[in-house]
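Enquirer: One structure, as structure tokens, below. Some questions next.
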Amino acid sequence: MKASDLFVKALENEGVEYIFALPGEENLDLLQSLKNSSIKFILTRHEQGAGFMAATYGRLTGKPGVCLSTLGPGATNLMTPAAYAQLGAMPMLMITGQKPIKKSKQARFQIIDVVDMMQSVTKYTKQIVNGNHIASSIREAFRIAIEERPGAVHLELPEDIAQEDCESHVFDVVGHIIPKADEVALDLAVDMIHQSKKPLLLIGAGANRKVTCEALRKFVDETGIYFFTTQMGKGVIDERHPQYLGTAALSSNDFVHAAIEDSDLIINIGHDVIEKPPFFMKPEGKKVIHVNFSPAEVDPVYFPQLNVVGDITGSVFKLVEKIQKQKDWDFAYFKKVKIEVGEHLSTYFHDERFPMLPQRLVYLLRERLDSKDIITLDNGVYKIWFARNYTCYQPNTLILDNALASMGAGLSSGMMAKMLNPDKNVIAVCGDGGFMMNSQEIETAVRLGLHLTVIIINDRGYGMIKWKQEDMGFDDFGLDYNNPDFVKYAESYGAKGHRPNNDADFQEILEHCLTIPSVHLIDLPIDYSLNHAILNVMLKEKTEKL
């Protein structure tokens with residue numbers, strides 16, 4: 001069997017549905033082998049688009065998404081999606097081509113050591129030097145990509161190896177059982193919880209990768225313990241729950257942090273130090289129990305006193321069995337915080353000024369979308385407003401990145417979310433800066449016939465950095481730019497462009513976009529004038545008075 005045919009056969013054996021790709025001449029044998037495959041080949045306009053789509057596939061399905069590029073510049077363009085998947089715990093396989101390794105007439109043209117380059121952003125990277133190694137290499141790559149903590153893997157297939165004749169054998173897909181937590185560790189955790197006076201539950205990204213919803217909901221219902229989430233832990237429990245305090249979208253001086261400061265024990269389910277810290281530990285401060293698939297990585301701001309290591313769902317169910325609700329737990333302060341959170345978050349929901357406040361946009365989208373509908377975010381200051389203000393009813397209905405926090409992923413994530421969920425409304429919310437980094441994928445979305453709405457938050461500047469610049473007392477300098485006419489830009493790709501003139505106009509346009517199948521782009525002017533006053537000044541003043 002030709003090696004490239006075996007490569008495709010091995011991918012099919014792993015259940016691969018899509019390959020997102022921008023191929024080069026070194027990939028042509030593999031491309032030919034894919035022609036008659038059951039795998040759907042999705043051509044993108046940039047390797048980043050392919051990588052972000054593959055990573056989002058992995059995030060939403062738990063199975064490795066697969067992307068393909070050529071050597072050299074194609075491979076370097078995959079580095080950002082590789083880091084995005086690796087830090088965000090998204091299983092993904094990257095395949096890159098390479099010049100012939102046995103005999104080449106092109107000297108070192110376009111050649112860099114891609115395997116070495118990928119070492120820092122993958123769990124596994126390997127050059128295939130013999131066609132008979134293909135099947136075992138692919139099986140191993142998939143095993144490692146899925147294994148906790150999930151992440152990115154990479155295989156390099158040189159052009160001459162792809163053309164070899166080799167054995168046709170593939171390996172059985174063998175799953176693995178995640179070990180259960182030690183009973184001694186569980187008992188110690190229960191003792192710590194029983195001895196605490198103000199326990200608080202933290203739900204992180206690791207709890208959003210598995211079916212932990214039922215276990216965590218039962219934990220909260222039976223203990224009455226209040227909970228909060230990290231940004232990537234949103235929606236694991238319906239955020240309308242009476243014990244939900246909010247999302248730690250900032251690092252300090254928010255209402256959630258006031259509750260954290262008052263707590264004497266944090267029960268951390270699924271958070272690790274790769275996601276931006278929701279709180280900072282102190283040597284003489286509160287205690288922390290770390291419940292995760294792997295032990296805590298000790299960090300200057302995170303050094304838990306107990307590790308409960310094993311399958312998260314099983315660990316939580318065991319804790320539910322063992323914990324007895326304590327009469328001397330004191331949640332009075334948490335109840336007060338929850339009231340303050342509700343009043344604060346809704347303050348500007350009905351403010352109809354235009355350009356629109358981000359809080360108003362969050363409110364309008366939440367009011368219009370069903371519980372199962374999905375919003376994907378790029379990265380910008382609006383991500384903070386969505387993380388704090390958007391109420392998630394189900395897991396993975398607000399897709400954001402709080403690990404690498406790369407700009408440029410929002411549109412591709414929205415495309416992938418829609419492909420996997422054709423029956424749901426999907427809205428990609430992108431800043432104008434992040435959108436322009438991979439805006440060419442609008443053509444891909446149109447070509448795929450997706451019904452997708454893209455909202456561009458237009459402030460003609462890098463709003464997140466401008467917010468930080470103001471907080472540090474620096475002059476407003478160096479962060480403004482001009483944009484194209486986004487309506488004409490969308491239409492040039494065959495999408496539908498819209499530009500609202502007021503609040504009511506936006507609502508009418510939004511309804512049209514969600515109702516009429518097409519790729520829609522809404523150019524929405526945004527008012528960020530309250531960012532500094534609310535997030536840097538008012539919150540600190542209010543939380544200090546709690």
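Enquirer: Restricting to the stretch 215-251, name every residue that is among the charged types (D, E, K, R) and either part of a strand (DSSP E or B) or in contact (Cβ under 8 Å) with a residue 60 or more places away in the chain (or both). Let's see the steps before the verdict.
Expert: Here is the first cut: in the stretch 215-251, the residues among the charged types (D, E, K, R) are 217-218, 221-222, 234, 238-240.
If the condition is that a residue be among the charged types (D, E, K, R) and either part of a strand (DSSP E or B) or in contact (Cβ under 8 Å) with a residue 60 or more places away in the chain (or both), then Lys218, Glu222, Lys234, Asp238, Glu239, Arg240 are the ones that fit.
Enquirer: Here's another thing I want to ask about it. Looking only at the stretch 117-161, filter to residues that are farther than 18 Å from Met79 by Cβ and among the β-branched types (Val, Ile, Thr); which one of those is nearest to the chain's Cα centre (by Cα)?
Expert: For the stretch 117-161, the residue satisfying everything is Ile146.
Enquirer: Met281 fails exactly one of the following numbered conditions: (1) farther than 14 Å from Glu148 by Cβ; (2) among the aliphatic types (A, V, I, L, M); (3) not in a loop (DSSP other than H, G, I, E, B). What is the number of that condition?
Expert: Met281 satisfies all of (1) farther than 14 Å from Glu148 by Cβ; (2) among the aliphatic types (A, V, I, L, M); (3) not in a loop (DSSP other than H, G, I, E, B) except (3).
Enquirer: Only residues that are outside any strand (DSSP E or B) and touching an Asp or Glu at 6+ places or on another chain (Cβ under 9 Å): list them for the stretch 56-71, please. Walk me through how you get there before you give the answer.
Expert: Initially, the stretch 56-71 is screened for residues outside any strand (DSSP E or B), giving 56-64, 70-71.
Selection gives Tyr57, Thr61, Lys63, Pro64, Thr70, Leu71.
Enquirer: Picking from Ser263, Ser251, which residue would you name as being within 22 Å of the chain's Cα centre (by Cα) and assigned by TED's automatic domain parsing to the domain that holds Thr313?
Expert: Details: Ser263 fails: within 22 Å of the chain's Cα centre (by Cα).
Step by step, each of Ser263, Ser251 is checked, and only Ser251 is within 22 Å of the chain's Cα centre (by Cα) and assigned by TED's automatic domain parsing to the domain that holds Thr313.
Enquirer: Take the residues in the stretch 197-239 that are within 18 Å of the chain's Cα centre (by Cα) and over 26 Å from Asn389 (Cβ atoms); name whichever of them is modelled with the lowest pLDDT.
Expert: Lys210
Enquirer: Checking the condition in the same structural domain as Pro23 (by TED's automatic domain parsing) and at positive phi, which residue from Gly74, Gly62, Gly49 passes? I'd like the intermediate steps shown before the answer.
Expert: Working: Gly74 fails: at positive phi; Gly49 fails: at positive phi.
Residue meeting the stated conditions: Gly62.
Enquirer: I would also like to ask the following. Name every residue in the stretch 452-485 that is assigned to a loop (DSSP other than H, G, I, E, B) and crowded, with 18+ Cβ neighbours inside 10 Å, in order of residue number. Lay out the reasoning, then the answer.
Expert: Just the residues of the stretch 452-485 that are assigned to a loop (DSSP other than H, G, I, E, B), to begin with: 459-460, 462, 472-479, 481-485.
Passing the criteria: Asp459, Tyr462.
Enquirer: Here is a further query. Does Arg353 qualify as being among the basic types (Lys, Arg), assigned by TED's automatic domain parsing to the domain that holds Pro525 and either under 28 Å from Lys418 (Cβ atoms) or touching a strand residue (DSSP E or B) at 6+ places or on another chain (Cβ under 8 Å) (or both)? Quick ask: steps written out before the conclusion?
Expert: Numbers: among the basic types (Lys, Arg): yes; assigned by TED's automatic domain parsing to the domain that holds Pro525: yes; either under 28 Å from Lys418 (Cβ atoms) or touching a strand residue (DSSP E or B) at 6+ places or on another chain (Cβ under 8 Å) (or both): no.
No.
Enquirer: What are the residue pairs meeting all of these: first residue in the stretch 186-201, first residue without any contact (Cβ under 8 Å) to a residue 60 or more places away in the chain and outside the structural domain of Gly270 (by TED's automatic domain parsing), second residue surrounded by fewer than 18 Cβ atoms within 10 Å (Cβ to Cβ) and acidic (Asp, Glu), Cβ atoms under 9 Å, and 6 or more apart or on different chains?
Expert: Partner pairs satisfying both residue conditions: none exist.
Enquirer: Restricting the search to the stretch 378-396, which residues are surrounded by fewer than 24 Cβ atoms within 10 Å (Cβ to Cβ) and within 11 Å of the chain's Cα centre (by Cα)?
Expert: Listed by number, the residues that qualify are Asn379, Asn396.
Enquirer: Of the numbered conditions (1) modelled with pLDDT under 95; (2) closer than 18 Å to Ala248 by Cα, Pro300 fails exactly one; give the number of that condition.
Expert: (2)
Enquirer: Is there a residue in the stretch 12-23 that is over 16 Å from Ile161 (Cβ atoms), β-branched (Val, Ile, Thr) and surrounded by fewer than 19 Cβ atoms within 10 Å (Cβ to Cβ)?
Expert: The answer is no; no qualifying residue exists.
Enquirer: I want to confirm something. Restricting to the stretch 278-328 and keeping residues that are of a type in the set (Phe, Trp, Tyr) and closer than 25 Å to Gly224 by Cβ, which single residue is surrounded by the most Cβ atoms within 10 Å (Cβ to Cβ)? It would help to see each step written out before you state the result.
Expert: Going through the stretch 278-328, the residues of a type in the set (Phe, Trp, Tyr) turn out to be 279-280, 293, 302-303, 317.
Remaining after also requiring closer than 25 Å to Gly224 by Cβ: 279, 317.
Working: Phe279: 26, Phe317: 17.
The extreme case among them is Phe279.
Enquirer: Do we have any residue at all in the stretch 34-48 that's in a helix (DSSP H, G or I) and buried (at least 24 other Cβ atoms within 10 Å of the Cβ)? Before the answer, list the steps.
Expert: Initial filter on the stretch 34-48 (in a helix (DSSP H, G or I)): 34, 47-48.
If we keep only those that are buried (at least 24 other Cβ atoms within 10 Å of the Cβ) too, we end up with 47-48.
Yes: the stretch 34-48 contains one or more residues that are in a helix (DSSP H, G or I) and buried (at least 24 other Cβ atoms within 10 Å of the Cβ).
Enquirer: Among the acidic types (Asp, Glu), without any contact (Cβ under 8 Å) to a residue 24 or more places away in the chain and out of contact with any Lys or Arg (no Cβ under 6 Å at 6 or more places or on another chain) - does that describe any residue in the stretch 342-353? I'd like the intermediate steps shown before the answer.
Expert: The initial filter retains those residues of the stretch 342-353 that are among the acidic types (Asp, Glu), namely 343, 351-352.
Remaining after also requiring without any contact (Cβ under 8 Å) to a residue 24 or more places away in the chain: 343, 351.
Keeping just the survivors that are out of contact with any Lys or Arg (no Cβ under 6 Å at 6 or more places or on another chain) gives 343.
Looking for residues that are among the acidic types (Asp, Glu), without any contact (Cβ under 8 Å) to a residue 24 or more places away in the chain and out of contact with any Lys or Arg (no Cβ under 6 Å at 6 or more places or on another chain), one finds at least one in the stretch 342-353, hence yes.
Enquirer: Within the stretch 503-538, count every residue that is acidic (Asp, Glu), over 23 Å from Glu441 (Cβ atoms) and in contact (Cβ under 8 Å) with a residue 12 or more places away in the chain. Talk me through it step by step, then tell me what you get.
Expert: Narrowing the stretch 503-538 to residues acidic (Asp, Glu): 503, 505, 508, 511, 523, 527.
Subset that is over 23 Å from Glu441 (Cβ atoms): 503, 505, 508, 511, 527.
Cutting the leftovers down to in contact (Cβ under 8 Å) with a residue 12 or more places away in the chain gives us 503, 511, 527.
Number satisfying all stated conditions: 3.
Enquirer: Looking at (1) modelled with pLDDT under 95; (2) closer than 23 Å to Asn132 by Cβ, find the lone condition where Glu25 falls short.
Expert: (2)
Enquirer: Does Phe7 fit the bill of being crowded, with 18+ Cβ neighbours inside 10 Å, more than 21 Å from the chain's Cα centre (by Cα), of a type in the set (Phe, Trp, Tyr) and outside the structural domain of Val446 (by TED's automatic domain parsing)?
Expert: The answer is yes for Phe7.
Enquirer: Would you confirm, using the coordinates I've provided, whether Ala490 is of a type in the set (Gly, Ala, Ser), closer than 28 Å to Lys418 by Cα and outside any loop (DSSP other than H, G, I, E, B)? Step through it out loud before you land on a result.
Expert: Values: of a type in the set (Gly, Ala, Ser): yes; closer than 28 Å to Lys418 by Cα: yes; outside any loop (DSSP other than H, G, I, E, B): yes.
The answer is yes for Ala490.
Enquirer: Moving on. For Asn268, only one of the following conditions fails: (1) surrounded by fewer than 19 Cβ atoms within 10 Å (Cβ to Cβ); (2) not in a loop (DSSP other than H, G, I, E, B). What is its number?
Expert: That leaves (1) as the condition not met.
Enquirer: While we're looking at this one, here's another question. Any residue in the stretch 112-132 that is touching a Pro at 6+ places or on another chain (Cβ under 8 Å), part of a loop (DSSP other than H, G, I, E, B) and within 23 Å of Leu6 (Cβ to Cβ)?
Expert: Yes, the stretch 112-132 contains at least one residue that is touching a Pro at 6+ places or on another chain (Cβ under 8 Å), part of a loop (DSSP other than H, G, I, E, B) and within 23 Å of Leu6 (Cβ to Cβ).
The values are calculated or read from the model by the stated rules, or taken from the named source; none is laboratory data. Remember, predicted model here, so these are calculated numbers, not experimental data. Cβ coordinates were reconstructed from backbone atoms using ideal geometry, including for glycine residues, and neighbour counts include every protein chain displayed.
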